[in-house]
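The values are calculated or read from the model by the stated rules, or taken from the named source; none is laboratory data. Model, not experiment: these values are computed from the prediction. Quick reminder, even Gly has a Cβ in these numbers, built from the backbone with ideal geometry, and neighbours come from all protein chains shown. Just so you know, the surface numbers come from the protein's heavy atoms only, side chains and all, with ligands and any DNA or RNA stripped out. Shrake-Rupley method; radii C 1.70, N 1.55, O 1.52, S 1.80 Å.
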Amino acid sequence: MATPATVHSHAPQGFIRKYIFSLDHKVIGIQYFFLALTAVFVGMFLSLLMRIHMIWPAYSLPLVGEIKPETYLSLLTMHGTIMVFFVLTTAPQGGFGNYFLPIQIGAPDMAFPVLNMLSFWTTFVGFVVILAAFFVTGGAPLHGWTGYPPLSALTSTGPGEQLGADLWITSIAIFCVASLMGALNFITTTLDLRAKGMTMMRMPLTVWSWFITAILGLLAFGVLLSAGILLLMDRNLGTSFYVPLVVVNGVVMGHKGGSPLLWQHLFWFFGHPEVYIAILPGMGVASQILSTFSRKPIFGYRAMVYAMLSIGFFGFMVWGHHMFMSGMSPYSAFAFSLLTMCIGVPSAIKTFNWLGTMYKGRLRFHTPMLYAIGFVSLFVSGGLSGPFLAQPVLDIQLHDTYFVVGHFHLIMGVAAIFGIFAATYYWFPKMFGRMMNEPLGKIHFFITLAGTYAIFMPMHYLGMAGQTRRYSQFTEVAYQQKLLPLQTFMTYAAIITIAAQFIFVINLFWSMFKGPKASDNPWECTTLEWTTTTPPPHDNFGGVTPVVNHGPYEYGVPGAARDYVMQTDPATGTGH
């Protein structure tokens, strides 16, 4: 049985041990959160530069200068990589997962506190390394966030493909190591450190989502780490894992026998589970919040658990749908297509159960609830274009267009971000002991929801009209010039939406110091984190180990004194 290290039983006194190299999962969770907050602003800034260049290609920006086509591709590469790894993977799992998983299962800390600290600082080093790629000779790489060889495997294929690309691959490898450490910790903690009475089927759906995400991470990041090491060897040691006999600028490269498709298989075997690593914690948070603010038990708790397990299982079987363009056998394509349609079933079950949870509930439209509803909205809107792309015959037409960009930004990018926002507004009182400002939160929500739809919905129309993705400007392609007004509209929407995020930042930091004091259970919730003091003490429960007698979503219980029953309340005959 794993137990947190005994050295960790007393709260550290020194500043460095308490706030910098802390072993406390709560401090580490906050460190992850602020790392992701920094990364998201870097990623947003890069996307803003891209959008400005698409509308005003000749415009020279202060500090940035003129954005050349190759600069645009570097921006695109770094935007995608930073957002996927250092925001969508880091905030929901590393941030909120680290902070709340031990508290929600009644544990004093994570199973391996030192490993937990190491995983954060390794992630931090990975982030510093990827930022360094901007500042080396040649600049950041331009091979896209997917890093397809031979473009990424040779140093002579373009600016940014020298040291910048090596740093890019190294950063991802470092991130993989950090994620593997974190995943081992999450799995061990969930299996071994649950409080008395906390059976697997009494765990909140947030815990289930972090647990399943950790399993996906454990299986997926090892594959990407191996693939990245092989790519570094191709680039620097003269091996030929991914590079066939190839001519670049009239020069025969010294490679032969490699397969560029090998990288695609290894990358997407990681890449598709990564989509679910980003979205599953959001699903857990949405379930938690919709039940809390509808004052109803979650509709179909066991179905929700099995749906998440199914998503995790099928997530490893569909990577080929990213590769319909690669000339794969139609039989393989048919199998991947069929499995991709299958993964829509558990997603639909979850969606109907969320709607069932809200149906006839006593809804409380606080900011966390709005973001949870927004999450469901974006998940459905982004998901609807998925079955189109799952058909090889349609995907071949749509693959290299904005249709795909619109699809994955809605379902994976912005939906996951809405999950992060929902979690922030919901758990902020417990983390910092103060309430966030509700009117500012609602203003932020409505501008962000309208803005994200205004940016990403038109991308589907552009894709159907044949607008190619990854082009730095459309002034040279006659049939695409007619689509520029829509691109202009999207750019203005992006500028407004990015500006609105400063409302969130102001609200976050102002509320940390000046917000009204929060009670221990301001939302009237049932799960264990709301039974302890605000903010929680060093060992989470002040030396008392909680005993769990109820399920996680007992709202509206007949005959109960209140409209909710805490998980630690004495056992009665009225529980669900």
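Distance between the C-alpha centers of the stretch 102-176 and the stretch 223-264? Whole Å please.
A separation of 20 Å, based on Cα centres.
Under a Cβ-Cβ cut-off of 14 Å, what is the net charge of the residues other than PRO536 that fall near it, where Lys and Arg count +1 and Asp and Glu count -1? Please list the in-between numbers first.
Details: positive: LYS26, LYS430; negative: ASP24, ASP109, ASP520, GLU529, ASP539.
Residues near PRO536 contribute -3 overall.
Note down the nm distance, to one decimal, between modelled labels 7 Å out along Cα→Cβ at VAL547 and at VAL125.
4.6
Relative contact order for the chain: what is it in percent, counting Cα pairs under 8 Å that are at least 6 residues apart?
Details: 986 pairs, mean separation 86.2, N = 576.
Rounded, it is 15 percent for the chain.
With N residues in the stretch 13-142, what two-decimal value do you get for its Cα radius of gyration over 2.2 N^0.38 Å?
Against the empirical 2.2 N^0.38 Å value, I get 1.29 for the stretch 13-142.
What do you reckon, how do MET304, MET201 stack up by accessible area (1.4 Å probe), largest on top?
Largest accessible area first, the residues go MET201, MET304.
List the chymotrypsin sites (Phe, Trp or Tyr not before Pro) in the stretch 16-92 that DSSP assigns to loop (not H, G, I, E or B) and whose Cβ has at most 15 other Cβ atoms within 10 Å. Which are they? Show your work: numbers first, answer last.
On the way: sites: TYR19, PHE21, TYR32, PHE33, PHE34, PHE41, PHE45, TYR59, TYR72, PHE85, PHE86; in loops: PHE21, TYR59.
Answer by residue number: TYR59.
Using the Cα gyration tensor of the stretch 79-118, with a ≥ b ≥ c the square roots of its eigenvalues, what is the shape: rounded (a/c below 1.5), prolate (a/b larger than b/c) or oblate (neither)?
Oblate.
Count the lysine pairs in the chain that are 8 or more places apart or on different chains: how many have C-alpha atoms under 15 angstrom apart?
Here the count comes out as 4.
Could you tally the net charge around TYR359, taking each other residue with its Cβ under 14 Å from the Cβ of TYR359, Lys/Arg +1 and Asp/Glu -1?
+4
With an 8 Å cut-off on Cα pairs and a minimum separation of 6 or more residues, tell me the relative contact order of the stretch 38-170 in percent.
So the answer I get is 26 percent.
Which value at 222 nm does the chain reach when only helices count, each DSSP H run of 4 or more adding -39,500 (n - 2.57), with the total divided by all residues and rounded to the nearest 500 deg cm²/dmol?
Values: 17 runs with 327 residues, N = 576.
Here the helix-only value at 222 nm equals -19500 deg cm²/dmol.
With the dipole of the stretch 25-531 worked out from charges on the C-beta (+1 for Lys and Arg, -1 for Asp and Glu) around the Cα centre, which of PHE314, PHE241, GLY65 lies farthest toward the positive end?
Sorting the options by dipole projection puts first PHE314.
Along the stretch 356-364, what does the Karplus equation 6.51 cos²θ - 1.76 cosθ + 1.60 (θ = phi - 60°) give for ³J(HN,Hα), rounded to whole Hz, x for Gly and Pro?
Using θ = phi - 60°, the values come out as x, 5, 6, 4, 6, x, 8, 6, 10 Hz.
For ASN549, what charge total do you get from the other residues with a beta carbon under 12 Å from its beta carbon, if Lys and Arg give +1 and Asp and Glu give -1?
0
Kirkwood hydrodynamic radius of the stretch 187-304 from all distinct Cα pairs, in Å?
This gives a value of 17.6 Å.
How high is the relative contact order of the stretch 408-497, in percent, with contacts defined as C-alpha pairs under 8 Å that are six or more residues apart? Intermediate results must be reported in sequence, preceding the final value.
Details: 39 pairs, mean separation 27.9, N = 90.
Averaging sequence separation for qualifying contacts and normalising by length gives 31 percent for the stretch 408-497.
Of all accessible surface on the stretch 25-531 at a 1.4 Å probe, what whole percent is carbon and sulfur? Could the numbers behind the result be given before it?
Numbers: 13360 of 18110 Å².
Carbon and sulfur: 74 percent of the exposed surface of the stretch 25-531.
On average, how much accessible surface per residue is there in the stretch 25-531, in Å², for a 1.4 Å probe, leaving out ligands, DNA and RNA?
36
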